[in-house]
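Step one of this worksheet: look at the structure below.
Read-outs: derived from the displayed coordinates by stated rules, not from any lab. These numbers were taken from a predicted model, which means no experiment stands behind them. We place every Cβ from the backbone using ideal geometry, glycine too, and count neighbours over all the protein chains shown.
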Amino acid sequence: MQGMIAMALEGKDVVSLAESVRERHLWGPGATPENVEVDSLPAKASERWIEQYADTGKRVSAYFDENYENYLIMHPAAKTVRASFNFSGDLPKLIELLSDLPFEVASFAPRYRVWYNKYRDIPGFGGYHFTHGWACAFRGDGHARLASRRWLDHGPWRLYRGANDTSFVQFHDLELDEDLAYAQAKFAHQRMGITDEGGYLQSDYVYQDDIRGFYNSARRVLELVVIGRTVSAREMRDACAARRDQVLGPEQPIDNVAFVFLDPSEADRHVPRLWPYGLECWTIINEVKTRLDSEEPPEGTGA
């Protein structure tokens, strides 16, 4: 997979993240940038440019060639680092590189720049991330941005596991041309983006409606009763965000959200849909409240 790679890495400490990327010598040993900018204004370039401008709190960009194609950019406000570099290793080597970096969420720019002009509806992770390209990745606490860790195992993508709790998601085959690659990746982009059908929960999540239900304090579960209707993908996504955001406050902690269907046939239909979100599915059988989901994926689960 030789060629240029552009990636955006989000993490808790932008300076440490930028230093970790620089230490990988992606632009050559001891590479000094040719140009440095602080909030788009020219600044002095030096080998220690990260330390020199780390305390400014501003976006700091270092470019390692005159064409501005090889770069390392710190964006403290977005807690994100962008890096573009020439990579000559294979995919396992890239995953190994990533797994040693203190990032949480990573996005990779499209391999084909024509995508930016031809396809304007590509979703992504928002913030300072790239719109979805050929891959994305999660590490450690970054998995909390997903509806559930189960989401990774049931999507239209290839999933690779790396060290240090790293999950790498490949959206399309690298050998495809620009149009076939987009056709293969389009559905995967939707499922991994900020979309109604997506399983990615952005930091400042926007709820469709207020989450209303009954709080089961004994189980620390928020129960949502469903009567005579189909639960939308957006509702399930909202429920996952409510669980992550602890919308009821610290006095009513939410370990999970349960959808309770009064009609058992409706509950049966929803089990494979709710399962990838890590949400519970209950119904009433012979006047007894019964849970239908388990730890095993039900038949029909998947994208």
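In table form, for the structure just shown:
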read-out	value
Residues satisfying the stated conditions in the range 88-121, i.e. within 22 Å of S16 (Cβ to Cβ) and among the aromatic types (F, W, Y)	F103, F108
Strands (runs of 3 or more DSSP E) contained entirely in the range 1-113, each with at least 1 residues that are buried (at least 17 other Cβ atoms within 10 Å of the Cβ), β-branched (V, I, T) and under 21 Å from the mean Cα position of the chain (by Cα)	3-10, 71-75, 80-87, 105-108
Where a residue in the range 32-46 is over 14 Å from L72 (Cα atoms) and its partner, wherever it lies, is of a type in the set (A, V, I, L, M), with Cβ under 6 Å and at least six apart	A43/V36
Qualifying residues in the range 49-70 (those that are in contact (Cβ under 8 Å) with a residue 24 or more places away in the chain and touching a Ser or Thr at 6+ places or on another chain (Cβ under 7 Å)) - the one farthest from W27 (Cα to Cα)	E69
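Every residue, every condition in (1) of a type in the set (A, V, I, L, M, F, W, C); (2) free of Cβ contacts under 8 Å to residues at least 24 places away in the same chain; (3) within 27 Å of F125 (Cα to Cα), yes or no:
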site: S203; (1), (2), (3): no, no, yes
site: D210; (1), (2), (3): no, yes, yes
site: G249; (1), (2), (3): no, yes, yes
site: D255; (1), (2), (3): no, no, yes
site: P276; (1), (2), (3): no, no, yes
site: L279; (1), (2), (3): yes, no, yes
site: T283; (1), (2), (3): no, yes, no
site: G300; (1), (2), (3): no, no, no
